[in-house]
Structure formats: C-alpha cells, structure tokens
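Take a look at the structure below.
The values are calculated or read from the model by the stated rules, or taken from the named source; none is laboratory data. On a predicted model such as this, the values are computed, not experimentally measured, just so you know. Note that each Cβ is placed from the backbone with ideal geometry, even for glycine, and that neighbours are counted across all protein chains shown. Surface accessibility is based on the protein's heavy atoms, side chains included, excluding ligands, DNA and RNA. Shrake-Rupley method; radii C 1.70, N 1.55, O 1.52, S 1.80 Å.
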Amino acid sequence: MKKLIIAISILLSFAAVSCTPEEYLTKTPLDKLSEDAVFNSDVLAESYVNALYCVVNDPFEEGNISAITDEGFFRYGGTSTRYILAGTMTPDNIIIINEGGQAHNTRTTVLNIWNRAYRWIYRMNVFIKKMDGETKLSDEYKTRLLGEVYYLRAWAYYNLIQRYGGVPIIKDPCSIEDNFDFERNDFESCYSFIMSDLQEAESRLPEKKNCVLGRINKDIVLALRCRVAMLAASPLFNDPAYPDGDLVHGKYDFKGKWQIAYDAAKAVVDRADKDGAYALDSRYEGFWDNINSPEIIWGKFFENTAPADANNGDKKAQQLYATDHFSGWTSCNPTQAFLKDVEMLNGKKFFEEGSGYDPEHPFANRDPRLYKIVGFPFSYYGVNEKDKYTQELPNGFIFNCNDPIYANLDGMKANGFPTYQLQLYLLYNDKDRSDFAEGKKYPDYDKKPSHLWDATNHTGCELNKWHIPSVPISASLVGNVVWPWFRLGEFYLNFAECAYMLNKEDECRTYINKVRSRADVMMPAVTESGTSLWDRLVNERRVELSFEMIRYFDLRRWKTAEFYENVPLAGFTTLILDKGGKRDTLYRVVRLYDESKNHTNYYWPNTEASKTYNYATVSPAGDRDGKPIEYIIKEKWLGKEYLIDYGDCCLNISPTPKYFPFRNGVYPNYLMPIPRTEITKSHGKIKQNPGYE
C-alpha cells in the first residue's frame, strides 16, 4: 500500500551543452525549479504540498510533551522539558538554538511552534494564491491539493491557538517589501478563520475510499473540526468572565459552543458506528504497530528504513523506549502519578475500599492496558500479553546485562527473540525487612547497592507504548510505522465529553464503555452519573490516550493543570532482599496515607530532605517561588476524598521539582509565552500572554 512520505527529493539529470556567455546568462539554472514549473506540474505541485504536511512535528522526539505532564519524565530534558515542568518558562528560554535562543534544537517538546508554523503558513499562502491564477494543473490535482492546503493551514492555526490563544491571521504571502508588524487577532476571529478553512477543505477533498493512505480526506476534516470546536468550547477559552472575548478568550457561549462540538464529534463517530468506515482495533497496540488498523483516522506513516529527519538532526523515535535497548538513553519514563490512576481489574482504583490491591504485588490485576503501556520489573519487555508479567523473580533469576547471551539485544529482537526481563530493581545482599523497619535509616546511604539498574531510569519502569518488538532500535532508523494523529478511541471519548456537557449522560456512558469494552481490555462498565461520571471520563482519557500528546492540552483546556501538574515527580523502587539464602521482594510505591507510617523514611538518595519526613511537606529544591513541595496530596475521586502519599517513592528524580506557578494573579503556564524575537520583529505590536510580560 502506498504511504505518504513527508519529504521532497527531486533529482535532476541533465546533459552538458555548449553555449555563448549571453545564452548562458539567460538560461534557467538546471539545479533549481522555477515557480512556473512547480505550480504547473501535477507531480511537482504535489511534492510541494507533501512538504507542507511537516508543519507540526510528530511527537516521536526525545523531549516528548508527555515528559512535561504528570505522565512521564525525561532525564536529559535540561534544555527541552525540565524548565517547562519546573514552571520557569520565559519568552527567551523557549527559543531554540537555531533561532538564536537556548532551547535544544532536536530535543524539542513540539510546543514552541510559532516560528516554524508561520514559515509553513507562508508556503501555504503562496500555493493558495498561485491556484487563484492560471495554472496547467489538472482539475483533479488542483481541487484536491487546494483542499489539502486549506486543511493544513487550519491544522497549523489550530496548533497555534491551543498553545498561544489568539495569533496573527495571515492569509496572503508576504514579500520583502511588506511590513512584518502584524498584531494578534482575538481568539474568536482565529476560531472562525480555522472553521472557514475547514469548510473550504471539505468541499474539495475526496472521500476516504478514494484517497491514498496518509493524505487528507473528508473524514480527517471532520476530526479536526471536532477538536477545534471542543477547544473553543472548553473553560480555558470559553470563560463567562470574558463574555465578549479577547486575545485569549472567545465570546462566551457555553451551550452553543458545546452543541457545535457535539455535532462535530457525532459526525466522526457516525462514520464508524453507522457507515462502518472505522472500528476500535481488537488489540490496544494495533493503532501503533499496524498501518492498516481500522482505528486510525489520520496518521503519519513511516517507512521502516526511513532515515532520521534531516530537519530535526539525529532524530531517534526509539529514545522513547527502554534503557536496556539503546545505550542507556531514555526519554519518557512513566510516573507514579500515572500508575496510581490505572484501575484494578474490578474497575476500582488501588486506594478504594474493595479494590483487591495487594501492596506485595502492586502491579498485579490491573487494567490490561497497563501492561501494554508500561514495562515493569520482572516483566518480559517486548511482549504485550498480560500473562508475561510475573509476580516474583522466577527461580531466583537475576538479569545480568553483561552476560554474553544478552550482548546483542537488538540482534536478538531482530531475529525473533524479543523477550527478556527488565532489570529495574535494586539488589541488597545480607538485608531483610527488619533492616527497613519503621524509624530505621534507609540502608547503605553512602554507597550504591551491589546491583543497580541503569542510572538513566529514574521512575522504576519503562514506557512500553509505541514499542514494536520486531523492530530493532537504532539511531538512524525510525522504528515505528505510524503516529496516529487521530484515532477512533479518542473520538469516542470526545463525543462522550460533548454529551456530558449537554447533560446527555446516557450517551456519555455509552461511549466511555465502548472504549472500555475493546476486545483485549474488557473493563467493567461505567455506571456513575453527575460529577462522578466526569471523574470517570477524565480518568478514561488519562489511561486510554496516555502518552499521545493529549494529556498536556486536556489539563489546560479544562483549567485543571494547577492541581495535576503540582503533583510531585515520583518513581517507585523495587528492592530484592537476599539474606541467608532467603530472597524477598519489597516495593516502595505510592500508597494511601497511613498515620501509623507518618515517620517512615524511604527517600532516595541521601539528602537532608530525605532524613525528616513531615506530614505534608519537606524543604523545596530548586525554584518554586519559595513554596514547599507537597508529598501528600488530597485527591477527590467519585465523591470521596483521599490522601495519596508519595513519601515512600523515589522523589529526587529531577534537579528541579515540578511546579505549575501562580504569579501576579495568573497561572501563566496555561498558555505558552510568545517568543521575544517575534515580539521584537513586530516592533512591539504583538502583545505577550498574561504572566510573561
């Protein structure tokens, strides 16, 4: 099947000819293409449009957006993720090095897209203008390509407004004589402009059945219209405190905007439920390891042999994966905050009464998706089946990465041997549980344990999602076959959210339960109503859509990031105790607060903060505006309040603690700061977002 490869590689061959100097000066250079050639050839015009698909990078980056939410952590994110998760973003430090700033060029979070987006919007505007004039393109190509470009311009502006609020609307290509002192349009104008572009696109694009895999079709327009409408209807941009709207708020209309979003979401799910154009994949991992998954509405498809993206330097999608695979590099380790929210098999969270949770086996009997999203100690990494997770070390086996049999893990994987157990634990010789009794110092503060997992893993587990066991991890190959920009599972949950907002709770439950009843998931049906139903919906999006560049924007459009993104970064520790020939496994994980364990101390490594465990706080490390870090979090779930205790966890993961700041009366990090260079280029006409002035 054809795949869309987003790149242009035009090879020209020509014969040498003799000519006079005068003739030479009047000839078109043979190593360049004129505008007339590009915009009068079906093939060259399509190549031009292919490149426009790159306006937003796919999230297979080292600094994945998930690593600045409460989902994951990126150890090497000093110039890409940590200053964002620490709440120290400024209009200067988000500018990448190539644009004169300090942010890492290749470890991008795909957040500061301002400069990149407008470069591509310029090219889109050029194409649209050229199509308004005379062209030799065939009618079929002209119509389809123009529809794609209108869509891609809407896609670019959607990604801009969800990050920045209102932005300058530029519809014409600028020339060197033009002024560049554009002002920001208000949010409502941007929203209307995007919807208008989508209407233009829909009128020109083919149906899915008549479209090449990866190219834009009418269904993809429906999907983006749903996303845009939900964004405009959500609290961040649809706020009754701003009835007439402004730069970062639309005109307030709760019912009207949610009705538009509902109708847009219904158009997408009807394509599945009524027309049979899409279906949930029977396997949760199907939408990332199978280009023919019935769940994918729009994806970016990769050739297995495609080289690293030249525009992004040494691009390694594989660095989302385990340290055991790729020379110690890792870029997105799941957190305890995420693991805490994955339900038990009976549909309860671990801290609820009757959950059946066993602290001696904290990862057992959980939602089946957990084992496909996360690789745990003792799990067979590279295998997605739940039964390949073991409760204890089999036969006392200790993984030794220096054993010759494991000398070439990639080679083993490529040759059909994808399974081995993750090493993610600490071995303590001559220790038993009495050495960890309440009030005792964590053993061996001043020296490393005799067997330590690779120090690049800070959270005690690995990201399994996006991993394809049969594909070797390499610095030069893209190991994935597809990034699903839009998939049916998301749009079932989008429709559920829109239904909830319009008090259609039966529909909301129905579509949540469609997702929970995937063939290899089969979680108990949701039956709640009211605010408890909202809790269920939020949690279902958290699990089902984890590590898909959605959680970051969900928490912002709902205006709940101020809670979730102040939960501390925390990992868990798995300890193997070996004394007198008796082996025991001990876990240090998030737990329900217990007053009797208030003074237990399991902080790692040796720090002053780790020696005194207070009820709610310890002294902060790094800049949190002088505020202490809270390690016991009061959380509401299904109408009850719980104290969730992170005090036993690995808490010294990052040199800068997680913080969603409140400064000068605002939470600035709900929006990205506009790069200072862009404000300078506009001669100060572009106004900065609140809190970054």
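Miscellaneous remarks
- Peptides 98-107, 219-228, ordered by how many other C-beta atoms sit within 10 Å of their residues on average, highest first, read 219-228, 98-107.
- In this structure, the pairs whose alpha-carbon distance is over 25 Å, taken from Lys266/Lys640; Lys465/Lys640; Lys349/Lys465, are Lys266/Lys640; Lys465/Lys640.
- The accessible-area ordering, largest first, of the residues Arg433, Arg542, Arg663 stands as Arg433, Arg663, Arg542, per a 1.4 angstrom probe.
- Share of carbon and sulfur in the accessible heavy-atom surface of segment 26-127 [1.4 Å probe, %]: 50
- For the set Lys208/Lys636; Lys142/Lys255; Lys171/Lys257, the pairs lying more than 32 angstrom apart at their alpha carbons are Lys208/Lys636; Lys142/Lys255.
- Length gained when the stretch Glu635-Asp432 is fully extended (0.36 nm per residue, less Cα-Cα span): 69.7 nm
- Charge-dipole axis of segment 99-223 as Lys and Arg at +1 and Asp and Glu at -1 on Cβ define it, positive-most pick from Phe182, Phe193, Leu111: Leu111
- Residues whose amide H lies under 5 Å from that of Trp485, counting only those 5 or more places away or on a different chain, are Trp298, Gly299, Lys300; hydrogens are built 1.01 Å from N in the peptide plane.
- His458 contributes an accessible area of around 40 Å² to the protein surface, as traced by a 1.4 Å probe with all chains present.
- Residue-span extension gain [Glu693 to Asp139] - 0.36 nm each, minus C-alpha spacing: 194.5 nm
- When peptides 511-519, 78-86, 208-216 are sorted by average Cβ neighbour count within 10 Å, with the highest value leading, the order is 78-86, 511-519, 208-216.
- For segment 127-250, the dipole from Cβ point charges (+1 on Lys and Arg, -1 on Asp and Glu) about the Cα centre works out to 780 debye, to the nearest 20.
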